[in-house]
Amino acid sequence: MTTVANGVNVQALLDAREVLKGAPEAAQFTWRAAAKWNHGVHSTIKVQSFFGLGQEQSHKEESVFEADHPEVFAAEDNGITPIEYLIVGLASCLTAGVASVAQNRGIQLRSVEATVEGQHDIRGILGADSDVRNGYNDIKVTFNVDADASRQEIEALVAQSQKRSAVFDALTNPTNVTVEVA
Amino acid sequence: MERAAAIVIGAGHAGLAASHFLSARALDHVVLERGEVANSWRRERWDSLRLLTPNWQSRLPGHHYEGPDPDGYMTVPEVTEFIQRFAKVSSAPVLTGANVTRVRRTGDGYHVATSLAEFRCRAVVIASGACNLPAVPQLSDAVPSSVEQLTTFDYREPARLPSGGVLVVGASATGVQLAAELQRSGRPVTLSVGEHVRLPRTYRGRDVLWWMDASGVWDQRHDEVDDLTRARRLPSPQLVGTPERATLDLNALTPMGVNLVGRWAAVRDGQALFSGGLRNAVSLADLKMDRLLDTFDAWAMADGRWSELGPPERFASTRVPESTRLQLDLRSGEIRTVVWATGFRPDYSWLDVPVVDAKGHLQHDGGVVESPGLYALGLPVLRRRKSTFICGIEDDARAVIDHLAGYLAKRQSS
């Protein structure tokens with residue numbers, strides 16, 4: 001169908017879309033992460049199993065993430081800040097989207113780079129001003145894409161990638177969150 | 001029990017076009033109409049509405065606009081009159097006041113129950129339209145009772161709303177039109193904008209729908225469209241028919257004072273929460289509009305029309321506030337009314353034949369429903385992109401009635 005090689009198996013995704021149209025229950029996934037407090041504001045988070053396509057699934061390997069806060073927060077900086085994990089997710093999700101859409105549209109990519117900047121007023125989390133929210137006030141993603149395509153086509157790739165992005169949706173729309181003590 | 005070869009359900013432009021072709025083939029039929037001819041236009045539309053298509057595009061089989069203003073847009077009474085006249089000139093056998101309550105399959109055809117009489121027939125054409133009920137999202141249930149809620153079926157004119165702020169939900173043709181007139185009436189409007197289709201009213205001096213027609217975009221067949229499901233649920237374009245032929249996109253609403261927010265995502269503790277993704281919604285619409293204009297230009301060049309048209313135009317990107325509002329307290333009194341301009345859905349509650357999918361859409365292939373002898377007309381992209389427009393019905397009705405006639409003939413000879 002297409003001769004471009006961005007390394008995305010678009011056919012498999014298109015096939016899955018067709019299959020799952022008639023099997024919504026198989027499309028229900030559960031993603032999991034398990035955190036363990038170490039010391040101070042440092043914790044270690046492990047991710048391996050998830051549920052999907054009607055059964056338990058597993059990544060090939062367990063991934064381990066360290067989360068802490070930087071020294072300017074009077075912490076030990078054993079890892080990145082939790083709110084930074086959000087922009088890690090956003091950048092990787094949008095970049096994956098650009099590659100997938102490009103593959104589907106027959107656009108050969110040479111390089112894709114995204115930089116993300118999240119504006120965060122920490123007076124919120126410190127409780128210094130009740131009018132300031134805890135989370136990001138603004139997030140800006142800047143893409144540099146080198147591809148066999150016009151600027152308009154590249155802008156369309158980036159726009160379509162946002163339209164189909166799980167993390168973009170999770171950040172721009174409210175989500176019901178329940179936190180309880182087991 | 002009355003008998004007919006075919007029953008047509010609905011005496012709007014689609015049902016009457018079906019009747020026209022049935023009559024041309026001398027197939028006996030009855031057009032069942034729950035109210036009067038052009039009923040939805042009489043009862044379910046707001047006062048200021050005009051057709052989106054210019055008058056010269058008001059073409060039905062054997063009947064077309066002949067007035068003095070081919071570039072104008074018909075008002076609702078004019079559309080009603082136009083369809084009424086079509087019913088007369090085509091001598092359509094319409095039975096008014098016959099509300100269809102049930103259609104079920106029998107051995108050799110269908111049984112159609114109505115509020116007036118019962119019919120047996122061998123074929124049924126469903127032409128009851130795609131806009132029978134307003135589609136209002138579930139989150140409307142969570143809107144505090146102090147805020148009045150209206151759908152486009154209830155809305156008539158701004159003066160009937162309480163004074164004070166209005167939250168208009170949806171930025172397709174209906175939403176942008178109501179946002180503009182409500183804002184002009186002195187009611188501050190917040191417009192919640194999801195995915196939408198942006199179009200200029202005119203391009204290179206011609207109506208944008210002239211371009212859709214002439215360049216062949218509207219003629220694209222349902223089996224040539226890449227993603228038919230998506231094409232069939234494409235929202236109506238941001239257009240209005242006014243004597244000034246003015247564009248009514250978001251860039252026209254902002255200077256009027258309309259406040260743009262993202263898609264309405266949830267209500268939490270009386271707060272309306274809007275998506276922070278408005279910027280991408282407008283980017284997608286801007287990019288799609290530019291691609292369409294590129295298509296128009298390419299056609300004009302290839303077709304040798306370039307010199308008779310004005311110079312190519314590209315329109316300013318849609319401006320959105322630097323940072324859009326993400327929440328609005330519905331209990332504060334700022335918003336007195338919510339107007340749902342979130343589209344329509346068809347009503348097939350009377351159709352006792354298993355041809356409607358889980359989402360409430362009739363399953364059909366170019367108007368041919370899987371149940372033998374059952375047909376549909378007047379649905380989005382039924383056979384071509386122009387299917388829901390008045391000028392799109394002739395080709396569709398001819399093809400569908402051809403198929404129906406072939407089916408009846410085959411049954412007779414077997």
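The values are calculated or read from the model by the stated rules, or taken from the named source; none is laboratory data. Computed from a predicted model, the values in this text were never measured in an experiment. So basically every Cβ, Gly included, is an ideal-geometry build from the backbone, and we count neighbours across all protein chains shown.
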Quiz item: For B:Arg279, all conditions in the list (1) under 30 Å from B:Arg156 (Cβ atoms); (2) at the interface with chain A (Cβ under 10 Å from one of its Cβ atoms); (3) basic (Lys, Arg) hold save one; what is the number of the exception?
Solution: (1)
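Considering each residue of segment B:381-409, count those that are part of a helix (DSSP H, G or I) and either more than 26 Å from B:Tyr110 (Cα to Cα) or in contact with a Cys (Cβ under 7 Å, 6 or more places away or on another chain) (or both), and give that number.
At the first step, the residues of segment B:381-409 found to be part of a helix (DSSP H, G or I) are B:390-409.
Next cut, either more than 26 Å from B:Tyr110 (Cα to Cα) or in contact with a Cys (Cβ under 7 Å, 6 or more places away or on another chain) (or both) only: B:390-392.
Qualifying residue count for the region: 3.
May I ask you to list the residues in segment B:369-380 that are under 15 Å from the mean Cα position of the chain (by Cα) and either surrounded by 23 or more Cβ atoms within 10 Å (Cβ to Cβ) or within 13 Å of B:Ile126 (Cβ to Cβ) (or both)?
B:Leu377, B:Gly378, B:Leu379
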Quiz item: How many residues does segment B:224-273 hold that are in contact with an Asp or Glu (Cβ under 6 Å, 6 or more places away or on another chain) and within 14 Å of another protein chain (Cβ to nearest Cβ)?
Solution: 1
Practice problem: For segment A:122-135, enumerate the residues that are surrounded by 12 or more Cβ atoms within 10 Å (Cβ to Cβ) and either at positive phi or within 13 Å of chain B (Cβ to nearest Cβ) (or both). | Solution: A:Arg133, A:Gly135
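Just for segment A:136-153: of the residues that are in a loop (DSSP other than H, G, I, E, B) and surrounded by 14 or more Cβ atoms within 10 Å (Cβ to Cβ), which one is farthest from the other protein chains (Cβ to nearest Cβ)?
Filtering segment A:136-153 for residues in a loop (DSSP other than H, G, I, E, B) gives A:136-137, A:148-150.
Within this subset, residues satisfying the condition of being surrounded by 14 or more Cβ atoms within 10 Å (Cβ to Cβ) are A:136, A:149.
Details: A:Tyr136: 9, A:Ala149: 13 Å.
Only one residue tops the list, namely A:Ala149.
Residue-by-condition table, conditions (1) surrounded by 15 or more Cβ atoms within 10 Å (Cβ to Cβ); (2) out of contact with any Pro (no Cβ under 6 Å at 6 or more places or on another chain); (3) farther than 28 Å from B:Asp365 by Cβ; (4) among the small types (Gly, Ala, Ser):
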| position | (1), (2), (3), (4) |
| --- | --- |
| B:Tyr155 | yes, yes, yes, no |
| B:Ala159 | no, yes, yes, yes |
| B:Val197 | yes, no, no, no |
| B:Arg204 | yes, yes, yes, no |
| B:Leu209 | yes, yes, no, no |
| B:Asp227 | no, yes, no, no |
| B:Arg232 | yes, no, no, no |
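Given the structure, is B:Arg336 in contact with a strand residue (DSSP E or B) (Cβ under 9 Å, 6 or more places away or on another chain), assigned to a strand (DSSP E or B) and not assigned by TED's automatic domain parsing to the domain that holds B:Val124?
Working: in contact with a strand residue (DSSP E or B) (Cβ under 9 Å, 6 or more places away or on another chain): yes; assigned to a strand (DSSP E or B): yes; not assigned by TED's automatic domain parsing to the domain that holds B:Val124: yes.
When the stated conditions are applied, B:Arg336 passes them.
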Quiz item: Out of all the residues in segment B:339-350, is one or more buried (at least 17 other Cβ atoms within 10 Å of the Cβ), of a type in the set (A, V, I, L, M) and closer than 30 Å to B:Ser163 by Cα?
Solution: yes
Exercise. Output the qualifying pairs, or none if there are none: Cβ atoms under 9 angstrom, residues six or more apart or on different chains, first residue in segment A:154-167 and within 7 Å of chain B (Cβ to nearest Cβ), second residue aromatic (Phe, Trp, Tyr).
Key: A:Gln162/A:Phe168
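Filter segment B:122-139 for residues that are part of a strand (DSSP E or B) and under 19 Å from B:Ser371 (Cα atoms); which is farthest from the chain's Cα centre (by Cα)? Walk me through it before giving the result.
So the first thing to find is which residues in segment B:122-139 are part of a strand (DSSP E or B), and the list is B:122-126, B:133-134.
This time we only want the ones that are under 19 Å from B:Ser371 (Cα atoms), so: B:122-126.
Working: B:Arg122: 29, B:Ala123: 26, B:Val124: 22, B:Val125: 19, B:Ile126: 16 Å.
Residue satisfying both the conditions and the ranking: B:Arg122.
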